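J.: Starting off with a structure, shown below.
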Amino acid sequence: MGAIENSFLPNSAIAELLELAAENAKMPLQKALRRASRKAFLWPDEASLLVEQGRSLTELPGVGPHLNRILQGWIEAPPDIANPPEIRRSFLTLTQAQMTLSKGDSSWTADLKGDLQMHTQWSDGSGSIEEMARAASERGYEYIAITDHSKGLKIAGGIDEEQSRMQGEEIKRINSSLQEENSSISVLRSIELNLNPQGEGDMDRDSLKDLDLVLGCFHSALRKKDDQTQRYLAALRNPDIQILGHPRGRIYNFRLGLGADWTQVFELAAELDKAVEIDAYPDRQDLSVDLLKLARKSGCRISLGTDSHDPLQLRFMGVCASCCKYCWTET
């Protein structure tokens with residue numbers, strides 16, 4: 001990053017400083033620094049502006065009195081910061097997303113019609129299907145897809161074929177109730193299908209036929225360093241899936257994600273009329289902007305999903321919208 005332009009320290013730079021400080025800190029300070037580094041991406045305001053306004057940084061999630069003093073020192077005298085390593089590079093903060101969306105044409109948020117990845121109490125989410133639907137309705141959406149994990153991902157409470165059928169009955173009841181209230185939102189039956197490295201799903205194929213949409217995702221062998229193009233091509237050729245979710249499998253400061261000949265991957269997706277996802281969860285942001293540019297050039301469909309695990313996380317959609325706006329309006 002180098003010297004901070006105009007001596008303004010953005011939240012993205014603060015996140016990097018917090019992680020660098022954590023590398024040399026002892027517990028429990030190390031844990032607090034790392035937690036704050038992640039939370040900095042979701043701070044609703046720029047920390048530097050709060051200091052300018054004479055407000056305490058303890059208003060921000062993850063910041064206590066001790067971190068308040070550390071951050072205030074950095075903001076008042078911004079240090080030089082090297083470019084983050086790739087494992088922490090190209091992640092947008094919520095404030096950066098909001099700033100991108102606030103410039104010029106506002107249709108990027110007004111035109112959002114739905115959210116195609118979210119989880120509920122059926123797997124590892126905390127909200128019910130109805131709570132997610134009503135929260136989405138308040139955002140003006142026309143549809144959402146409930147994509148709870150499939151049975152192979154036991155650590156995330158993945159559902160089996162019978163549970164998927166039962167969930168479908170619940171979705172049917174909720175849709176009927178919403179229609180009676182003249183609500184414009186529809187809940188789509190979907191699933192986050194766990195794919196093995198050969199691109200095969202973990203559910204009986206017949207159980208997937210009644211779903212509106214299937215999101216296929218890799219959750220294993222995600223630290224391989226060699227080219228994984230064939231894995232992605234196999235997944236796209238799987239006739240059961242319509243969306244390839246969080247393609248790289250990257251996670252901020254935890255996992256770099258997989259590499260592939262992405263142009264080849266996106267071109268096959270376009271040929272098969274399948275979508276690749278922008279997963280807006282702050283730790284993922286996958287596709288990242290650089291890959292989104294390639295996907296757009298290839299002409300494949302782009303799916304937008306927050307990967308929400310509770311109703312409040314639906315706000316992550318701003319990350320998707322800002323990535324799209326940046327790529328579609330950049331000259």
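The values are calculated or read from the model by the stated rules, or taken from the named source; none is laboratory data. Because the structure is a prediction, the values reported are computed rather than measured. Positions of Cβ are generated from backbone atoms using ideal geometry, with glycine treated the same way; all protein chains shown enter the neighbour counts. When the accessible area is computed, the model is the full protein with side chains, heavy atoms only, and any ligands, DNA or RNA have been set aside. Shrake-Rupley method; radii C 1.70, N 1.55, O 1.52, S 1.80 Å.
J.: Could you list, in sequence order, the residues of segment 34-47 that are part of a helix (DSSP H, G or I) and either surrounded by fewer than 17 Cβ atoms within 10 Å (Cβ to Cβ) or of a type outside the set (Ser, Thr, Tyr) (or both)?
T.: Arg34, Arg35, Ala36, Arg38, Lys39, Ala40, Phe41, Leu42, Ala47
J.: If the requirement is being surrounded by fewer than 22 Cβ atoms within 10 Å (Cβ to Cβ) and more than 19 Å from Asp124 (Cβ to Cβ), which of these qualifies: Gly199, Gly157?
T.: Gly199
J.: Go over the candidates Gln98, Gln167, Gln121, Gln179 one by one and state the one that is of a type in the set (S, T, N, Q), open to solvent by 40 Å² or more (accessible area, probe 1.4 Å) and over 25 Å from Leu42 (Cβ atoms).
T.: The conditions single out Gln179.
J.: In the list Tyr252, Tyr232, Tyr281, which residue meets the criterion of being under 28 Å from Gln163 (Cβ atoms) and not hydrophobic (A, V, I, L, M, F, W, C)?
T.: Only one candidate qualifies: Tyr281.
J.: Also: If you check Lys31 against the conditions, is it open to solvent by 20 Å² or more (accessible area, probe 1.4 Å), part of a helix (DSSP H, G or I) and among the charged types (D, E, K, R)?
T.: yes
J.: Quick check: is even one residue across segment 4-11 among the aromatic types (Phe, Trp, Tyr) and within 30 Å of Ile278 (Cβ to Cβ)?
T.: Yes, segment 4-11 has at least one match.
J.: Mind listing whichever residues of segment 222-239 are touching a strand residue (DSSP E or B) at 6+ places or on another chain (Cβ under 8 Å) and open to solvent by 100 Å² or more (accessible area, probe 1.4 Å)?
T.: Once the filter is applied, which keeps residues that are touching a strand residue (DSSP E or B) at 6+ places or on another chain (Cβ under 8 Å) and open to solvent by 100 Å² or more (accessible area, probe 1.4 Å), segment 222-239 yields only Arg223.
J.: Does segment 48-69 include one or more residues that are hydroxyl-bearing (Ser, Thr, Tyr), on the phi < 0 side of the Ramachandran plot, over 19 Å from the mean Cα position of the chain (by Cα) and exposed (fewer than 11 other Cβ atoms within 10 Å of the Cβ)?
T.: Looking for residues that are hydroxyl-bearing (Ser, Thr, Tyr), on the phi < 0 side of the Ramachandran plot, over 19 Å from the mean Cα position of the chain (by Cα) and exposed (fewer than 11 other Cβ atoms within 10 Å of the Cβ), one finds none in segment 48-69, hence no.
J.: Still on this structure, please answer the following. Any residue at all in segment 5-14 that's within 23 Å of Ile251 (Cα to Cα), surrounded by fewer than 17 Cβ atoms within 10 Å (Cβ to Cβ) and more than 20 Å from the chain's Cα centre (by Cα)?
T.: Looking for residues that are within 23 Å of Ile251 (Cα to Cα), surrounded by fewer than 17 Cβ atoms within 10 Å (Cβ to Cβ) and more than 20 Å from the chain's Cα centre (by Cα), one finds none in segment 5-14, hence no.
J.: Among the residues of segment 90-132, count how many are assigned to a helix (DSSP H, G or I), touching a strand residue (DSSP E or B) at 6+ places or on another chain (Cβ under 8 Å) and closer than 23 Å to Ile302 by Cβ.
T.: Final tally of qualifying residues: 1.
J.: Being of a type in the set (Val, Ile, Thr), out of contact with any strand residue (DSSP E or B) (no Cβ under 7 Å at 6 or more places or on another chain) and closer than 24 Å to Ile146 by Cα narrows it down to one residue among Ile251, Ile302; which is it?
T.: It is Ile251.
J.: If a residue has to be surrounded by fewer than 22 Cβ atoms within 10 Å (Cβ to Cβ), modelled with pLDDT of 95 or more and charged (D, E, K, R) to count, how many in segment 249-285 make the cut?
T.: 6
J.: Just to be sure I understand, how many residues within segment 13-28 are assigned to a helix (DSSP H, G or I), among the small types (Gly, Ala, Ser) and touching a Leu at 6+ places or on another chain (Cβ under 8 Å)?
T.: 2
J.: Looking for whichever is under 21 Å from Ala110 (Cα atoms), buried (at least 18 other Cβ atoms within 10 Å of the Cβ), of a type in the set (S, T, N, Q) and under 13 Å from the mean Cα position of the chain (by Cα) here; the options are Ser303, Ser288. Which one fits?
T.: Matching residue, one of Ser303, Ser288: Ser303.
J.: Kindly check whether there is at least one residue in segment 7-18 that is modelled with pLDDT under 95, at positive phi and in contact with a Lys or Arg (Cβ under 8 Å, 6 or more places away or on another chain).
T.: The answer is no, given that none of the residues of segment 7-18 is modelled with pLDDT under 95, at positive phi and in contact with a Lys or Arg (Cβ under 8 Å, 6 or more places away or on another chain).
J.: From Asp212, Asp202, Asp273, which residue is within 22 Å of the chain's Cα centre (by Cα) and among the acidic types (Asp, Glu)?
T.: It is Asp212.
J.: Criterion first (within 21 Å of Leu236 (Cα to Cα), modelled with pLDDT of 95 or more and not hydrophobic (A, V, I, L, M, F, W, C)) does Asp290 satisfy it?
T.: It is false that Asp290 is within 21 Å of Leu236 (Cα to Cα), modelled with pLDDT of 95 or more and not hydrophobic (A, V, I, L, M, F, W, C).
J.: Is there a residue in segment 48-61 that is touching a residue at least 40 places away in the same chain (Cβ under 8 Å), farther than 25 Å from Arg315 by Cβ and in a helix (DSSP H, G or I)?
T.: Among the residues of segment 48-61, not one is touching a residue at least 40 places away in the same chain (Cβ under 8 Å), farther than 25 Å from Arg315 by Cβ and in a helix (DSSP H, G or I), which makes the answer no.
J.: From Asp111, Asp80, Asp105, grab the single residue that is modelled with pLDDT under 95, open to solvent by 70 Å² or more (accessible area, probe 1.4 Å) and closer than 30 Å to Gly216 by Cβ.
T.: After applying the criteria, what remains is Asp111.
J.: Starting from segment 230-250, take each residue that is within 13 Å of Phe266 (Cα to Cα) and free of Cβ contacts under 8 Å to residues at least 12 places away in the same chain and list its partners that are crowded, with 24+ Cβ neighbours inside 10 Å and of a type in the set (Gly, Ala, Ser), counting only C-beta distances under 9 angstrom and pairs at least six apart or across chains.
T.: No pair meets every condition.
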